Number of protein chains: 2
Amino acid sequence: MPKDTILLAHGSGGRMTHELVRDIFLQHLGNPLLDTQDDAAVWTLPRACPERIALTTDSYVVSPIFFPGGDIGKLAVCGTVNDLAMVGATPLYLTAGFILEEGLPLEVLYRVVASMAEAGREAEVEIAAGDTKVVERGGVDRMFITTAGVGEVPEGVCISGANVKPGDVAILSGPVGQHGIAVMSQRDGLQFSFPLQSDCAPLQGLVAEMLKTGRPIHGLRDPTRGGLATTLNEIAGQSRVGIEIEEERVPVSEEVRAACELLGLDPLYVANEGKLVAFVPPEVEVAVLEAMRRHRYGKEATVIGRATSAHPGRVVIKTTFGAHRVLDMLSGAQLPRIC
Amino acid sequence: MPKDTILLAHGSGGRMTHELVRDIFLQHLGNPLLDTQDDAAVWTLPRACPERIALTTDSYVVSPIFFPGGDIGKLAVCGTVNDLAMVGATPLYLTAGFILEEGLPLEVLYRVVASMAEAGREAEVEIAAGDTKVVERGGVDRMFITTAGVGEVPEGVCISGANVKPGDVAILSGPVGQHGIAVMSQRDGLQFSFPLQSDCAPLQGLVAEMLKTGRPIHGLRDPTRGGLATTLNEIAGQSRVGIEIEEERVPVSEEVRAACELLGLDPLYVANEGKLVAFVPPEVEVAVLEAMRRHRYGKEATVIGRATSAHPGRVVIKTTFGAHRVLDMLSGAQLPRIC
């Protein structure tokens, strides 16, 4: 384990950059593509003639870097893998850009990169290209990571937030709010008496199981920043459908519910990093639900509502008390730097 | 032109994030792929069966954001386009991850994004996917951008820093040191009496002209951070060849030379953002040079030295006074946050 700290010279592009790449990045993430150290990685497409390629990116600025159930490295792999999975793509390669603060202990970088490597193994992706910049003390808060991802979209798969049809059933893969609350629990010494873990996980395997049913999946999205409520609003807007959700059907753990009450938060607006919501035609609901429940990240999958032709663009929630209210997109900044 | 500033809520993923995306990002960078606003962009490969795909990423933390001849947005497009071009790839799509400081004037973001759009048009690439995070005041210095790029490698093209052969001629596309000195000139009120412009430019067109000759190109690299000296050392190391350079053949403008003398810098270690060095077999030197000189970014292309079987892994420079000395990789941090 390296004992020194990041210096500005680690970002100079010169000898110390090369040593950092060799000693930390290649040690954990090394693979034939990354090892070439050319300006770009060049790879042959896995199939002779793949139809379509998916491309995505996310920057990660989560604070603190380490939280129960994950860290910024695991998040940077899972988040980008999940964005590929949400269009039905099989993730192939990621890139990673690191922005480091001068003075960051090398040991911290080492742990984060090791965690990325582990998450990459579970997500079945390799880091094909990377970059490291160093900013003077105070110019960046410890470290930020930006990952981009490339995936292959299987033939016949056409999943989009704009493809949801009235009548489609909304399936949620599990309880909401865990990631946001787990990160919050590390801030300002906020301590809960119960264990809270982020749900941070790569979902490409769960989506693969869903696609294997051969049944049509119209829309998929992972409710990250802004939570489930915001995600549903995005889909309602893109597909020009209404969405009706039953509050009592949305699973929320006892711990998350208690923490949300304490903090004055609505779990429907709290970020998740290992959940998805799927919209499927009603006739395939059972087959898709069964496939999801067979996977470790879909065990608690459940129907939470449906798309309607009424009130297009709007999400309505039937509360536990039987009342209906409009569930709007997140407004304001509920939980900054949650991912 | 928007008059407000970036708020934490712009990074919440909720309503204000969507408004920012609509009003600034889609306005300038909008295209059918970005407009879908799904978690990942899905595109069909341009040819039925392309052989190989190139993938790269770079983070940009340049300070100040605006400098003579460019800004962080133009840099983020050109830098990543150039990394694709350096393996002979035709750039197809970029992704862009923005990390913004709370309080950043929207007008600054607006200008940077407009500049990215303009650079994208010249580089013939579109931004297919993006992400925006906001960090509290003091958590990031104004704004950072991380771009990733995907390109298609034409059949038969095999360019790598590891493919250079003894006897290959080293061609430099133009004078060195302009970018680094232009950025430095904006720091700490350092003012020169002469105009200094960054050479920041997309090089995919120049490389396309070189490839059109049909002549073999063994190695290509753009001497960015660490300058020409570091780049030559990388190639010498990757290809296990020696490299011999003649100092008086390396073009340096009067202005850059004067600024370097004032600042105690060696122009061979100063960053460029619109130059490349090519290694080609001696028998194709004339054809490649002619092709380069026909292009606006290669007008001053010139041979600066060659690869040798002597002293593999080492770069030797013959100084103006006829002496030979080892030209090492940059050590230490000459110019932090230059890109």
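The values are calculated or read from the model by the stated rules, or taken from the named source; none is laboratory data. Since we're looking at a predicted model, the values are computed, not measured. Reconstructed Cβ throughout: ideal geometry from the backbone, glycine too, with neighbour counts over all protein chains shown. When the accessible area is computed, the model is the full protein with side chains, heavy atoms only, and any ligands, DNA or RNA have been set aside. Shrake-Rupley method; radii C 1.70, N 1.55, O 1.52, S 1.80 Å.
Points worth noting:
- Test: residue in the range A:49-65 that is among the basic types (Lys, Arg) and away from every other protein chain (no Cβ under 12 Å): no
- Test for B:Ser115: is it assigned by TED's automatic domain parsing to the domain that holds B:Cys260 and over 30 Å from B:Glu244 (Cα atoms): no
- Of all residues in the range A:306-335, those satisfying the criterion of being of a type in the set (A, V, I, L, M, F, W, C) and within 14 Å of chain B (Cβ to nearest Cβ) are A:Val315, A:Val326, A:Leu327, A:Met329, A:Leu330, A:Ala333, A:Leu335.
- Hits in the range B:265-301 - residues which are under 21 Å from B:Leu330 (Cβ atoms) and away from chain A (no Cβ under 14 Å): B:Pro267, B:Gly274
- Failed condition for B:Met1, given (1) among the aliphatic types (A, V, I, L, M); (2) at pLDDT below 90; (3) within 21 Å of A:Met86 (Cβ to Cβ): (3)
- Residues satisfying the stated conditions in the range B:106-143, i.e. in contact with a Lys or Arg (Cβ under 8 Å, 6 or more places away or on another chain) and more than 10 Å from every other protein chain (Cβ to nearest Cβ): B:Leu106, B:Glu107, B:Val108, B:Ser115, B:Met116, B:Glu118, B:Ala119
To keep it simple, each residue is scored yes or no on (1) closer than 24 Å to A:Pro336 by Cβ; (2) at pLDDT below 95.
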{"site": "A:Gly167", "(1), (2)": "no, no"}
{"site": "A:Gly177", "(1), (2)": "yes, no"}
{"site": "A:Gln191", "(1), (2)": "yes, yes"}
{"site": "A:Asp199", "(1), (2)": "yes, no"}
{"site": "A:Gly205", "(1), (2)": "no, no"}
{"site": "A:Gly214", "(1), (2)": "no, no"}
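- Of residues in the range B:13-22 being in a helix (DSSP H, G or I) and open to solvent by less than 30 Å² (accessible area, probe 1.4 Å), the one farthest from the other protein chains (Cβ to nearest Cβ): B:Leu20
- Any hit, the range A:200-210, residues being of a type in the set (A, V, I, L, M, F, W, C) and surrounded by fewer than 20 Cβ atoms within 10 Å (Cβ to Cβ): yes
- Residue match in the range B:216-223 (condition: more than 13 Å from the chain's Cα centre (by Cα) and small (Gly, Ala, Ser)): yes
- When A:Ser115 is tested against (1) within 18 Å of the chain's Cα centre (by Cα); (2) closer than 24 Å to A:Asp23 by Cβ; (3) open to solvent by less than 10 Å² (accessible area, probe 1.4 Å), exactly one condition is not met: (3).
- Extreme residue, nearest to the other protein chains (Cβ to nearest Cβ), among residues of the range B:144-198 that are more than 22 Å from B:Leu84 (Cα to Cα) and polar (S, T, N, Q): B:Gln186
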